[in-house]
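Q: First the structure, then my questions, so here it is.
The values are calculated or read from the model by the stated rules, or taken from the named source; none is laboratory data. All values derive from a computational prediction rather than experimental measurement. Glycine gets a Cβ as well: all are built from the backbone with ideal geometry, and neighbour counts include every protein chain shown. Please note that ligands, DNA and RNA were not included when accessible areas were found on the heavy atoms of the full protein model with its side chains. Shrake-Rupley method; radii C 1.70, N 1.55, O 1.52, S 1.80 Å.
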Amino acid sequence: MTRLRTCAALLAALAMAWAAPAAADVDLSRLAVTPNPRLGLAFPGSQTRYYDAISQAGIGVTRLSAAWSRTEPRPGRFDFAGLDERVKGLQDRGIHPFLTFESDADWATDPATHKVKNARPVDLGQWQQFVRRVVDRYDADGSNDMPGLRFPVHYYQAANEWISDSNRSGGWAGSTAELIAYVDATHDAVAAEDPDATFVMGGIAAFNADILLVQQARQNIHVRQSWSRSSETVMARDEMLGPEIAAIIRDRVLPVLANSRYDISSVHLYGPETRDAARLDLVRRLSGRPVLSSECGGPTRDYGGEYTPEGHFRAVIHRNLNVLAAGAPFCLWFRLGEGEGATFGNARTALYEGSGRPKPGVFAYRALSRLIDRQATVRQDGALRFEIRRGDGGRISVGWGSAAAGLRDEARAAGTELLCLADPDRGLLASDPGRCGAGAITFTGSGLNALLSP
């Protein structure tokens, strides 16, 4: 009888083992994803036929430029065809537009400031009329709305990368007082048409943010930007702590951050991801307002090194989790596809190759779109480790580099589900850590496999 009971128990155990599903690999390219408003993109281009690639990456917020020169090419003559097409192209895919105003109409701005996109309007009232026309078209109040508008545009921005007086991506070539008046006028025009909209201050360029870290927070870091393999701008710490930089920050940067009217501040995030938390915290403290990143990307070549597939996947994970851990709603990744228009250091940050082939960062976004729900919060749990606390109570840990081994040991001891990055080019996560590099990105947590099921 004892032998029969033993055999029966053994057969039952075998049956349970046979019935229990074996841990499976996850092919991120096969996930069905929907646009997630916690994940963003900046500058997808004007060809809306490519916008499916945004939703297929699980991205739910996308930044577009709203240029005065194109929308009102002559006084009082509005042409919304191009902007309408892009806004509708995003909304038809469930993606929320984020509009950045550019005061680049030559007929309405000071010729001495035409070297930047944010040229100084000769008449701020005329500028406000333009801004109000744009907001009125996309506020979904039933009056003067774009045909086919599905929901209101919530985010507006002005004064992109405003600290420099020669930045062709934005910039400001007027005085500090004129810049504050410009930001205030734009904010007031947006609020007059849509009190529920959020007005975002133009993003501080990463180069300038790092100078602020040295000058205001006394961080011991070097600051550089590469223009080619043989040309770069490097700022020595003594120079950043010198009287000239101190005067620019005192007279131009701090007054604008403290005294302008806006709802949320912004900092652009490139270069070492390990600086993000300090950058975000400093801009939040200097502005006295919440912060987001209206432009981010990686891996950058500004600080040496070359692009690698694993580095691209890791940069998307690291940068997005950094921003969410700081309490920001999202960061907007720089560019949909590779091509002209990026600095040397940021030339490989885009999510797709020029041919349209998805790069590893696309697969990283697809994973995040499943793991981060609308109520999720992110907590940094070490230099290279984060915990995602989902709205449904689930918790997912993510780690890499020196944190990967400990995370895998903990999962093994607790019997927790585990997946690690085995092939970044294919977006393949393996359940067997022996198939991944020692420091490869690792995800652990109960219900992980269900969250990432096809």
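Q: Looking for whichever is surrounded by fewer than 17 Cβ atoms within 10 Å (Cβ to Cβ), at negative phi and among the acidic types (Asp, Glu) here; the options are Asp194, Asp139, Asp106. Which one fits?
A: Asp106
Q: Shifting gears a bit: Considering segment 165-183 alone, what residues qualify as being on the phi > 0 side of the Ramachandran plot and open to solvent by 70 Å² or more (accessible area, probe 1.4 Å)?
A: Those that are on the phi > 0 side of the Ramachandran plot and open to solvent by 70 Å² or more (accessible area, probe 1.4 Å): none in segment 165-183.
Q: Another question about this same structure. When segment 378-397 is examined, which residues are found to be over 20 Å from Asp276 (Cα atoms), open to solvent by 40 Å² or more (accessible area, probe 1.4 Å) and touching a residue at least 40 places away in the same chain (Cβ under 8 Å)?
A: The answer is Arg395, and nothing else.
Q: Are any residues in segment 179-235 touching a strand residue (DSSP E or B) at 6+ places or on another chain (Cβ under 9 Å), among the β-branched types (Val, Ile, Thr) and closer than 21 Å to Pro290 by Cα, and if so, which ones?
A: Of everything in segment 179-235, those that are touching a strand residue (DSSP E or B) at 6+ places or on another chain (Cβ under 9 Å), among the β-branched types (Val, Ile, Thr) and closer than 21 Å to Pro290 by Cα turn out to be Val183, Thr186, Val190, Thr198, Val200, Ile204, Ile211.
Q: Can you say whether Pro97 is surrounded by 19 or more Cβ atoms within 10 Å (Cβ to Cβ) and farther than 24 Å from Glu178 by Cα, as far as the supplied structure shows?
A: It is true that Pro97 is surrounded by 19 or more Cβ atoms within 10 Å (Cβ to Cβ) and farther than 24 Å from Glu178 by Cα.
Q: Let me ask something else. Identify, please: which residue in segment 65-94 is buried (at least 21 other Cβ atoms within 10 Å of the Cβ) and among the hydrophobic types (A, V, I, L, M, F, W, C) and is, among those, nearest to Trp333 (Cα to Cα)?
A: Leu90
Q: Are there any pairs, at least 6 apart or on different chains, whose C-beta atoms fall under 8 Å, with the first in segment 23-42 and assigned to a loop (DSSP other than H, G, I, E, B) and the second modelled with pLDDT under 95 and not aromatic (Phe, Trp, Tyr), and if so, which?
A: As it stands, the answer is Leu31/Pro454; Ala32/Pro454, since those pairs meet every condition given.
Q: Residues of segment 399-435 being surrounded by 21 or more Cβ atoms within 10 Å (Cβ to Cβ) and part of a loop (DSSP other than H, G, I, E, B), which ones?
A: Trp400, Pro424, Gly427
Q: Residue pairs, Cβ under 8 Å, 6 or more apart or interchain, first in segment 122-134 and open to solvent by 60 Å² or more (accessible area, probe 1.4 Å), second part of a loop (DSSP other than H, G, I, E, B) and of a type in the set (Asp, Glu). List them.
A: Pairs found: Val122/Asp110; Arg133/Glu72.
Q: Examine segment 82-97 for a residue that is in a strand (DSSP E or B) and modelled with pLDDT of 95 or more, and state whether such a residue exists.
A: yes
Q: Looking at (1) open to solvent by 20 Å² or more (accessible area, probe 1.4 Å); (2) within 17 Å of the chain's Cα centre (by Cα); (3) among the polar types (S, T, N, Q), which is the one condition that is false for Thr349?
A: (1)
Q: A follow-up question, please. Kindly list the number of the only condition in (1) among the aromatic types (Phe, Trp, Tyr); (2) open to solvent by less than 20 Å² (accessible area, probe 1.4 Å); (3) outside any helix (DSSP H, G or I) that fails for Phe363.
A: Going through (1) among the aromatic types (Phe, Trp, Tyr); (2) open to solvent by less than 20 Å² (accessible area, probe 1.4 Å); (3) outside any helix (DSSP H, G or I) one by one, Phe363 breaks only (3).
Q: Can you list the helices (runs of 4 or more DSSP H) found entirely within segment 245-341 that contain at least 3 residues being in contact (Cβ under 8 Å) with a residue 24 or more places away in the chain, of a type outside the set (A, V, I, L, M, F, W, C) and crowded, with 16+ Cβ neighbours inside 10 Å?
A: In segment 245-341, the matching helices (runs of 4 or more DSSP H) lie at 276-287, 309-325.
Q: Cβ-Cβ under 8 Å, sequence separation 6+ or interchain: first residue in segment 64-76 and hydroxyl-bearing (Ser, Thr, Tyr), partner in a loop (DSSP other than H, G, I, E, B) and crowded, with 17+ Cβ neighbours inside 10 Å. Which pairs?
A: Ser65/Phe43; Ser69/Asp104; Ser69/Ala105; Thr71/Phe80
Q: So, Gln375, is that one at pLDDT 95 or above and loosely packed, with under 15 Cβ neighbours inside 10 Å or not?
A: On the way: at pLDDT 95 or above: yes; loosely packed, with under 15 Cβ neighbours inside 10 Å: yes.
For Gln375, the condition - at pLDDT 95 or above and loosely packed, with under 15 Cβ neighbours inside 10 Å - is met.
Q: Can you pull out the residues in segment 67-90 that are touching a Leu at 6+ places or on another chain (Cβ under 7 Å) and among the polar types (S, T, N, Q)?
A: Correct list: Thr71 only.
Q: Suppose we filter segment 57-76 for residues that are in a loop (DSSP other than H, G, I, E, B) and either within 17 Å of Tyr138 (Cβ to Cβ) or among the aromatic types (Phe, Trp, Tyr) (or both); how many remain?
A: Of the residues in segment 57-76, the ones in a loop (DSSP other than H, G, I, E, B) are 57-58, 72-73, 75-76.
So of that shortlist, the ones also either within 17 Å of Tyr138 (Cβ to Cβ) or among the aromatic types (Phe, Trp, Tyr) (or both) come out as 72.
Result for segment 57-76: 1.
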